[in-house]
Amino acid sequence: MLKSYLQVTKPGIIVGNLISVAGGFLLASKGNVNYVLFALTLLGVSLVVASGCAFNNLIDRDIDPKMERTKNRVLVKGLVSPQITFILATLLGLAGFAILYFGANALAMWLSIMGFVVYVGIYSLYMKRHSVYGTLIGSLSGAAPPVIGYCAVSHQFDAGALILLAIFSLWQMPHSYAIAIFRFKDYQTAHIPVLPVVKGIAVAKHHITLYIVAFMFATLMLSIVGYAGYKYLIVATCVSIWWLYMALSGYKAENNDKVWARKLFVFSIIAITALSIMMSVDFITPSTQTMLSFVG
């Protein structure tokens, strides 16, 4: 029973978000890590993400049986109670918000609340089912965790936080469209108006390519503006170029769209993980920044 309720919170998504939280937190820490704050930030975000995922499962339990990917979720199979799931989701969210407020700062808490409201209130309850722009709205909530991690340390929403928001929002788009392409029939059957279903796979490919180009410029901004170092810049450049190459390979006449989209999706996870790790270890400290300015 406990395992079933754990599955409602989507542990895999929680872990993926924690990697990005750590990236933002360690980037802002610049080598001077407050480990208690780090642990509390990770815990707070974990609980908020778990709450959002549980609410999402509750909201989607009418369409999940129609999709191959989601038909075996515990709420669909009746392994957990919707009422208890609602209570659990509420308590997880409140605990997460409280931990971020008392353990980090009010800014981190408000950012988590905004991300939660966008994901549960705007995306899951309405946009996902009614608009082709649902993915775009959802991308903003997906980008919240690294920004929360960053602001937990910085106590301000500055250029670094804005760049992180841009990087992770732009990353979400090709990542999500790739899923929608290789799960095309699922979304079509459930009548979810994602771009590949509404506008066609060819149009989705154009959007994927453009978003990856924008993502590339956003990733480079961390180094250009002076938040990350040269090692990060090299990795970000290589990752972005390869991801763009993979996207462009989708235009080949002999291309199998489903296989191509799945490969693009898998690499998107590798790409964002690599960037999160590199921004964690190749930050620019004030002394380094001064030295680079002097050399320049």
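The values are calculated or read from the model by the stated rules, or taken from the named source; none is laboratory data. Just so we're clear, the structure is a prediction, and the values are computed from it rather than from any experiment. For neighbour counting, all protein chains shown are included, and Cβ atoms are generated from backbone atoms with ideal geometry for every residue, glycine included. Just the protein is used for accessible areas: all its heavy atoms, side chains included, with ligands, DNA and RNA removed. Shrake-Rupley method; radii C 1.70, N 1.55, O 1.52, S 1.80 Å.
One residue alone among ALA228, ALA152, ALA178, ALA204 is out of contact with any Pro (no Cβ under 9 Å at 6 or more places or on another chain), farther than 30 Å from GLY96 by Cα and open to solvent by less than 20 Å² (accessible area, probe 1.4 Å), and that residue is ALA178. On the basis of being aliphatic (A, V, I, L, M) and under 17 Å from the mean Cα position of the chain (by Cα), does LEU170 make the cut? When the stated conditions are applied, LEU170 passes them. Could you list, in sequence order, all residues of the range 240-286 that are over 21 Å from ALA143 (Cα atoms), assigned to a helix (DSSP H, G or I), open to solvent by 50 Å² or more (accessible area, probe 1.4 Å) and among the aliphatic types (A, V, I, L, M)? Passing the criteria: ILE241, LEU248, VAL259. Kindly provide the set of residues from the range 187-201 that are part of a helix (DSSP H, G or I) and open to solvent by 20 Å² or more (accessible area, probe 1.4 Å), ordered by number. Answer for the range 187-201, where residues must be part of a helix (DSSP H, G or I) and open to solvent by 20 Å² or more (accessible area, probe 1.4 Å): TYR187, GLN188, THR189, VAL197, VAL198, LYS199, ILE201. May I ask you to list the residues in the range 114-137 that are without any contact (Cβ under 8 Å) to a residue 60 or more places away in the chain and β-branched (Val, Ile, Thr)? Those that are without any contact (Cβ under 8 Å) to a residue 60 or more places away in the chain and β-branched (Val, Ile, Thr): VAL117, VAL118, ILE122, ILE137. LEU164 meets all of the listed conditions (1) of a type outside the set (D, E, K, R); (2) under 14 Å from the mean Cα position of the chain (by Cα); (3) assigned to a loop (DSSP other than H, G, I, E, B) but one, namely (3). Here VAL132 fulfils each of the conditions (1) within 21 Å of the chain's Cα centre (by Cα); (2) buried (at least 16 other Cβ atoms within 10 Å of the Cβ) apart from (2).
Filtering the range 111-128 for residues that are out of contact with any Leu (no Cβ under 6 Å at 6 or more places or on another chain) and under 18 Å from ALA22 (Cα atoms) leaves a non-empty set.
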